[in-house]
Structure formats: structure tokens, C-alpha cells
1. Output the direction-averaged projected area (hull surface divided by four) of the convex hull of the alpha-carbon atoms of the range 120-161, in nm².
2. Students often check this: by mean Cβ neighbours within 10 Å, which of 148-157, 51-60 ranks highest, and how do the rest follow?
3. How would the range 225-310 be classified by its alpha-carbon gyration tensor: rounded, prolate or oblate, with rounded meaning a/c under 1.5 and the a/b versus b/c comparison settling the rest?
4. Calculate the spin-label point distance for residue 68 paired with residue 218, positioning each point 7 Å from the Cα along the beta-carbon direction, and give it in nanometres.
5. Kindly state, as a whole number, the per residue volume in cubic angstrom of the convex hull around the alpha carbon atoms of the chain.
6. Would you compute, from DSSP H runs of 4+ residues alone, the mean residue ellipticity of the chain at 222 nm, taking -39500 (n - 2.57) per run and dividing by the full residue count, rounded to the nearest 500?
7. Students often check this: by mean Cβ neighbours within 10 Å, which of 116-128, 4-16 ranks highest, and how do the rest follow?
8. What is the distance, in nm, between label points placed 7 Å from the Cα along the Cα-to-Cβ direction at residue 333 and at residue 117?
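Please treat every number below as a calculation from the coordinates, not as lab data. Bear in mind the structure is a predicted one, so any value in this text is a computation, not a measurement. Here the Cβ positions follow ideal geometry from the backbone for every residue, glycine too, while neighbour counts run over all protein chains shown.
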Ligand code: PEP
Ligand code: MN
């Protein structure tokens, strides 16, 4: 290597270090600005200020870089600083693992979710009658299951479809829960029903269609009952975690996140099960994560492999729909499984070893 090249490279290395030092100083200042803005409640991204800074830099550009290149380079620096501020913000979310490292373990009247025991949450799509719910409850108990689901307020696509039994349905669910020693979960769709629902339920479910019903989220956030929050039909991870933050920030820390598939162009499943959501949510958040294999797939024939995939990916449990006679079910008739299929499902899931207690 020629001496000249070596000397030029040495100068370049020194400039790199100076740039690094200046960039780091700049980042620290941007963070301080972020803090001040936060206190004043001002938006972190200020397009007007960014435009002015770029104009000044371009005006004073000595070359040899073109004005466009100078703009491009500084835009990257501005973006990196903004990302840093947003990252800090993310760190502060109560649902974030950066805020609380240890897994949150819910104790639902003695049944844990998020701890060593992986849970299977099962039950009919909708509560239809006492007989129907009791038949399923008995089958669940025989399988050693702790948590039963059943919808009383059904958010149906068509207003002419069965809308659920309402409070009457919650009463049936509670009665079955008390009779068979099961904890009961049901969806609530209106903020004004939350107080009433707390009298019957061990867990309040917020459905996919209501994931961003912020008034409902605030109401369950002020309640004492644990919440199972389903991912919205096309919600991003960030939107999902912010929805959970609405609940936790109001004081209710007992939240279970439920992946239930998202809308894509694929038609061979009802929704697309986003299995990658499981490890992402587990990494990003300390909250328990479960996967609804029924609504994500809409197919009985792939419930088992999807449940295995969910548990293998780190989910704390799976949810599925079980009905005594799915062909006459008042909702989701095509996707619910009968008791005998459920027993086979449980047997095979157990024999896979994935339902064994997690190592703690
Ligand atoms: C349900 O679990 O009963 C339900 C309606 O599911 P989702 O909100 O995920 O569509
Ligand atoms: Mn259903």
C-alpha cells in the first residue's frame, strides 16, 4: 500500500470517529428534546422544523455532495433520532418487556395463565342453552381443563344472524362454571355491560372487532376482572400492544393477548394464523399469549397442527370452539368440533408433549 493511501485512510478513520462522536452528541440532544416535548405534550415529529433544518443545510452545502444527497443523508439522521425517541417511548409502555422483564402470570380464581401450566380454553362459539353448555362443560372437566369460553353477546357480520342470549347467556355460563368447577370467559361488546358482566365472569373477552373500541378498553381497564384481548382483524403488533396498554394503563394488569388470525388474500383458511405473532408478542411483552386456532383457521382438519405450532412457538395456551352438535350450532357451525373430536384433539396434543408443564 502506498504511503499516500495509508495517510488518506488514516485521516478518513479520524473523521469517522469525529462523525460518530458528533452523531452521538446529536442523538443525546434529540433525546433531551423528546423529553421536553413529552412534558409539554407536543408531537415528537415536527415536519416544519425538519424542513427548515434541511433548507439551511442545503443553502450552506459547500459540495462536493449534491443538494439532494445532503438532504438524503440528513433525513436519515433525523429519522434515526426520531426512531430513538419512539423507541424510548416504546420502552415506557407498561405492557412492554423492557418495562417489566418477568412474565406476568394471571391467577384466575386459582387457574394460572402465563405460568408453568399451558392452558386450553374451550367451549362453544355461543351459549345457546343450559343443556348445550353443560354438555360441553362436562367434557372439558373430564379433560382436566380449567377455562371455558362461550359467547353471550355475539358480534355477527349480519344483523339477521343469532346475536346471543345476552345476560341470560352469562347466567348459564356461570352456572355451568360453578357446577363443574370451571372458570368462565365471555365477550362483552358494550362499555355499559362491563359492570354487570363482572358479576358472572372470571375473564372478560374483548373480541377482534372491538380491539380498538377505546371506550370499551378504558372501561375494562378500570374493572377488576382479567381480560382476554383478541387481535383485531387487521391489527399490527403495535396496534395490538397499544390496545393492551389502554387496559393496563387504567390499572387492570391482568391481560391475556390472543392471536386469532388476520385478514389476508388467502381464502382456504378463514383468516391467516400469524404464528410469528407469538414469539414477537412474547419478546415484546410480559403478558401471556394464547392462540385461537378455531377463528384463525376456520377449519377443523388443521386445528391440531396449528395448536401444536402455537405451543411450540411459545404460546401460553390455545383456544378452540367445542359444540355438542356443531351441524345445528347457531353460529360458526362449520368450524366448531364435537365432543368426540375434542377428546381426540386433547389426547393428541398431550401425546405431542407440548401440553406438558413449561420449564420455569
Ligand atoms: C369469539 O371468540 O367468539 C369471536 C367472535 O372471535 P373473534 O372476536 O376473534 O372474531
Ligand atoms: Mn365463533
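1. Details: hull surface 13.3 nm².
For the range 120-161, the mean projected area of the Cα convex hull comes to 3.3 nm².
2. Put in order of decreasing packing, that is 148-157, 51-60.
3. Numbers: a/c = 2.17, a/b = 1.84, b/c = 1.18.
Because a/c hits 1.5 or more and a/b exceeds b/c, the range 225-310 counts as prolate.
4. If labels sit at residue 218 and residue 68, their model points lie 4.8 nm apart.
5. Numbers: hull volume 73.9 nm³, N = 360.
With only Cα atoms used, the chain gives 205 Å³ per residue.
6. On the way: 12 runs with 165 residues, N = 360.
Calculated from helices alone, the mean residue ellipticity at 222 nm is -14500 deg cm²/dmol.
7. Numbers: 116-128: 23.6, 4-16: 9.9.
Averaged packing, sorted descending, gives the order 116-128, 4-16.
8. Taking the simple label geometry, residue 333 and residue 117 are separated by 3.6 nm.
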